[in-house]
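Inspection log for the structure reproduced underneath, given as structure tokens.
The values are calculated or read from the model by the stated rules, or taken from the named source; none is laboratory data. All figures in this text were calculated on a predicted structure; none of them were measured in a lab. FYI the Cβ positions are ideal-geometry reconstructions off the backbone, even for glycines, and counts take in every protein chain you see. Please note that ligands, DNA and RNA were not included when accessible areas were found on the heavy atoms of the full protein model with its side chains. Shrake-Rupley method; radii C 1.70, N 1.55, O 1.52, S 1.80 Å.
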Amino acid sequence: MSTMKLFAGLILCSLVLGVHSRWFSFLGEAYDGAKDMWRAYSDMKEANFKNSDKYFHARGNYEAAQRGPGGVWAAEVISDARENIQRVTDLFKHGDSGYGREDSEADQVANRMGRSGVDPNYFRPPGLPDKY
């Protein structure tokens, strides 16, 4: 009987520790993915390069997704929040005119493509410095 309890205890502990480990891994991936998104945003602002918006959207999502499921989750949450906030501000600035809707939808396409593993250079505009 005591062997059975020991065996059951070992299985329970390994399950708890395994889930615990995966949870910390997910959180680490999410944190690093959020940093990737911030770096892409900062680079976009620094570059201030015409027609580069989609490239930086795709790049941030791509790099975050390379981290694993936590990075994918962070990229999706951040991308959706950014676009939803933009829609609200556009609504206040321009009313219900649909202003910015097409650009927001195009940003989301670039976001999804980046997360799915499409090379962000697909969106890279000609002449963007190699630094980016």
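Summary of values
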{"quantity": "Every pair of residues 6+ apart whose Cβ atoms lie under 8 Å, when the first sits in the stretch 39-55 and is in contact (Cβ under 8 Å) with a residue 24 or more places away in the chain while the second is among the polar types (S, T, N, Q)", "calculated": "Tyr55/Asn121"}
{"quantity": "The stretch 106-122, residues that are of a type in the set (S, T, N, Q) and either assigned to a helix (DSSP H, G or I) or in contact with a Ser or Thr (Cβ under 8 Å, 6 or more places away or on another chain) (or both)", "calculated": "Gln108, Asn111, Asn121"}
{"quantity": "Complete set of residues in the stretch 57-85 that are assigned to a helix (DSSP H, G or I) and either in contact with a Cys (Cβ under 8 Å, 6 or more places away or on another chain) or open to solvent by 60 Å² or more (accessible area, probe 1.4 Å) (or both)", "calculated": "Tyr62, Pro69, Trp73, Glu76, Val77, Ile78, Arg82, Asn84, Ile85"}
{"quantity": "Considering residues of the stretch 105-130 that are over 16 Å from the mean Cα position of the chain (by Cα) and in contact (Cβ under 8 Å) with a residue 60 or more places away in the chain only, the residue most open to solvent (accessible area, probe 1.4 Å)", "calculated": "Tyr122"}
